[in-house]
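The values are calculated or read from the model by the stated rules, or taken from the named source; none is laboratory data. Every value quoted in this text rests on a predicted model; they were computed, and no experiment measured them. Cβ: placed from backbone, ideal geometry, glycine included. Neighbour counts: every protein chain shown. These area figures cover heavy atoms from the full protein model, side chains too; ligands, DNA and RNA do not enter into them. Shrake-Rupley method; radii C 1.70, N 1.55, O 1.52, S 1.80 Å.
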Amino acid sequence: MSALAVIVGFMPSSYSKNDLLLLMMDALVGDSVDLEAAEKAFESAEGDFAAKFTAAVQARFAQLVVPEVFIELPVHIEELRKPELDALVRPAAAYLRSYPSKGELLDEASRIQRRQERRPAWIPRLDRNGEPIPAPETDSSVGKARPERPLVVTALPELGDVTVLLPADAEERPELPMAAGGIGEWEAALYEVLAVTGEHRPSATVAIDAQANEALVPEDVRWWSTQPARSLPATRDPGVASELLATSSTLGEIPVSDDTHEAFEAVATALISAGDWRYSPRWLLNAWSPGDDVGVLATARAAIAAWADEGRSGLIAYVYGGALHGTDGLIGVPGFLHTYLLCIGRSTDGTDTVDTVRRVILSCPGENWCHRGGCPDPGLSEAAEILTSIVTAGDAGDASDRDGAWAKQAHQRLYGAAGEDDYPEDVLDHLEGILSGAGWVGLSRSTWEGGLEESLLRRGEHCMTASYDPVTRQVRLDDGEAELQATLQMLADDGVLTGSGDQETVDTGEAAQQQWGAELLTAAEDLLRGRIDELRIAAPAQVTLLGMHPHADGNLHGPEATTLAESQLTALLCTAGVLSDSD
């Protein structure tokens, strides 16, 4: 029997019982109640209707409940003296007389412990000094996401500073940072401002601020309002971010090529060679059309993927949607929002430099609402089939994410940040595989605390170090002579390197080979004899491996992840000049 049933059972009459229930209902969902938090909780909750309804009720109760004092109770509390016990329990006691006995204090401590154990995580908590206490963590039904740390990205000044979250494996970990303003930062920022990452999932709904969207319309065009519209930064509203991406003349201070032949070609190439698409939640814009004086309910979604083709690579974003117009009915464009394709190209010089930004507008709200006075009709009919497949796949992802069983777990494993994979594909394994086809041989493999991976390889008189940072998704190539030199000290410590000066020798016996490998021992001996030369990398060789979830573990999970990664890795190795014989 529930607590509510017990309370109502003690009421003297049916009228009193019903009065109590009606009062509770009015407090929860009355006409004057703000249900926005409950609605968001319902939409973003995972699972079936019961789970969503429970989340909504909890969100509403969280607005009504009063913070409670929580205290830490020692295991052997009975060993405390009476004054210490009184000072411990009194801040959290429901009732305690002025001069209680020690037995009364221990009884009260037991009641406090039972109460604290039964309190749900959404009850706000205070410490004994009245300071807020973070809510305890709850178990995830899909898997635990890795801890995160903030990084401020300034690559897109048109959107403002964007704070993204990177996985945090360990403090002060060795790290390969993303290039400032490079495409790695662009990818992280786009995922963040378009709400593809964060607390929301594809099955959730995010309300777009109608006033903030209206504030983007130039004042000389906004004839229907005499009051300044309320604006929001792009980092606070995905609708604002999307509209700025659709209409800004520059992005990353790079001129945007709009609706040109080059833009059509770039978008077509990116669509054909795109990897795994990841989707934002559904955006919902409930607005009023000033010209028709009718309501418009628009829905939209963003999809982001990386692409790679014939040595080039980059990112592509697709924003699409539809709307219900109060008189025109259902329409295939999202009302006051643009639909468009945004294609970002990376330089082929072995760096993360963004060298092209191209955009194709698919639908425009019209010159009286568009933030730049209207957009041309591109007539991109040849891409309709590909775009339709992206939309329908997004619908399937939405449904999978709502599923409480295997589909949800599979979707998270392939496309999410917290999914678990029993046999993840390692980036360096694929890099070594490509290099082995060009004659490079692996000498050693190491992993630093925090996840940074390094592989030492050799071909002829050259050594090379290949590094991969799964947190920042950076791949770097360096001359490996210094790493091989450091290996000599480890061989000396192990007794495999003996002698001094010109008399140093490397033990290549069977026992040493079993522990260190014959190839590494041979390379160490050649280094001592001056048979290892410096490897001159043809270009600065560090790039972001695009197309993976920025919050995931840095392994290759998605169905297209391996193909996309190998295309990018091959392009990097070709640019660095380490796949040819003349390095």
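Just one of the listed residues (Gln515, Gln503, Gln485) is polar (S, T, N, Q), open to solvent by 70 Å² or more (accessible area, probe 1.4 Å) and touching a helix residue (DSSP H, G or I) at 6+ places or on another chain (Cβ under 8 Å), and it is Gln485. Listed by position, the strands (runs of 3 or more DSSP E) contained in the stretch 282-347 that have at least 3 residues being modelled with pLDDT of 90 or more and in contact with a strand residue (DSSP E or B) (Cβ under 9 Å, 6 or more places away or on another chain) are 282-289, 294-309, 312-325, 339-346.
Given the structure, is Glu158 surrounded by 11 or more Cβ atoms within 10 Å (Cβ to Cβ), at pLDDT 90 or above and touching a Ser or Thr at 6+ places or on another chain (Cβ under 6 Å)? Answer is yes for this residue. Against the list (1) modelled with pLDDT of 90 or more; (2) farther than 26 Å from Pro134 by Cβ, the condition Pro91 fails is (2). Of the conditions (1) modelled with pLDDT under 90; (2) part of a helix (DSSP H, G or I); (3) farther than 30 Å from Tyr415 by Cβ; (4) of a type outside the set (A, V, I, L, M, F, W, C), Gln58 clears all except one; give me its number. It is condition (3) that Gln58 fails.
Please specify each residue of the stretch 277-291 satisfying the condition of being more than 23 Å from Ala303 (Cβ to Cβ) and open to solvent by 70 Å² or more (accessible area, probe 1.4 Å). Answer for the stretch 277-291, where residues must be more than 23 Å from Ala303 (Cβ to Cβ) and open to solvent by 70 Å² or more (accessible area, probe 1.4 Å): just Trp288.
The stretch 417-499 holds strands (runs of 3 or more DSSP E) entirely within its bounds, and those carrying 3 or more residues that are within 24 Å of the chain's Cα centre (by Cα) and not hydrophobic (A, V, I, L, M, F, W, C) map to 462-469.
Residues in the stretch 523-559 that are part of a loop (DSSP other than H, G, I, E, B) and either on the phi > 0 side of the Ramachandran plot or not β-branched (Val, Ile, Thr) (or both): 24 in all.
Looking across the stretch 162-176, the residues that are at pLDDT 80 or above and either among the β-branched types (Val, Ile, Thr) or over 17 Å from the mean Cα position of the chain (by Cα) (or both) come down to Val162, Thr163, Val164, Pro174, Glu175, Leu176.
Return a yes/no flag: does the stretch 72-85 have any residue that is more than 38 Å from the chain's Cα centre (by Cα), open to solvent by less than 40 Å² (accessible area, probe 1.4 Å) and modelled with pLDDT of 90 or more. Within the stretch 72-85, one or more residues are more than 38 Å from the chain's Cα centre (by Cα), open to solvent by less than 40 Å² (accessible area, probe 1.4 Å) and modelled with pLDDT of 90 or more. Taking the conditions (1) at pLDDT below 85; (2) assigned to a helix (DSSP H, G or I); (3) touching a strand residue (DSSP E or B) at 6+ places or on another chain (Cβ under 9 Å) in turn, Asp502 satisfies each one other than (3). Beta carbons closer than 6 Å, at least 6 apart along the sequence or on distinct chains, pair a first residue in the stretch 64-75 that is in contact (Cβ under 8 Å) with a residue 40 or more places away in the chain and assigned to a strand (DSSP E or B) with a second that is hydrophobic (A, V, I, L, M, F, W, C) and surrounded by 14 or more Cβ atoms within 10 Å (Cβ to Cβ) for Val69/Ala92; Val69/Leu126.
For the stretch 395-407, a residue qualifies if it is of a type in the set (D, E, K, R), at pLDDT 80 or above and open to solvent by less than 30 Å² (accessible area, probe 1.4 Å), and exactly one does: Asp398.
Mind counting the residues in the stretch 292-319 that are under 19 Å from Cys375 (Cα atoms) and open to solvent by 20 Å² or more (accessible area, probe 1.4 Å)? So the count comes out to 0. Within the stretch 129-146, the presence of at least one residue that is closer than 30 Å to Arg81 by Cα and either among the acidic types (Asp, Glu) or modelled with pLDDT of 90 or more (or both) is confirmed. Across the stretch 561-583, the number of residues qualifying as at pLDDT 95 or above and assigned to a loop (DSSP other than H, G, I, E, B) comes to 0.
In the condition set (1) free of Cβ contacts under 8 Å to residues at least 60 places away in the same chain; (2) open to solvent by less than 60 Å² (accessible area, probe 1.4 Å); (3) under 17 Å from Val391 (Cα atoms), Gly332 is compliant with all but (2).
When the stretch 411-458 is examined, which residues are found to be among the basic types (Lys, Arg), modelled with pLDDT of 90 or more and surrounded by fewer than 22 Cβ atoms within 10 Å (Cβ to Cβ)? Listed by number, the list holds a single entry, Arg445.
Considered as a group, the residues in the stretch 86-123 that are open to solvent by 40 Å² or more (accessible area, probe 1.4 Å) and in contact (Cβ under 8 Å) with a residue 24 or more places away in the chain include one that is farthest from the chain's Cα centre (by Cα), and that residue is Leu106.
A count restricted to the stretch 425-454 and to residues that are touching an Asp or Glu at 6+ places or on another chain (Cβ under 6 Å), over 14 Å from Gly554 (Cβ atoms) and of a type in the set (S, T, N, Q) stands at 1. In the stretch 518-561, the residue that is most open to solvent (accessible area, probe 1.4 Å) out of those that are of a type in the set (Asp, Glu) and more than 22 Å from Gly442 (Cβ to Cβ) is Glu560.
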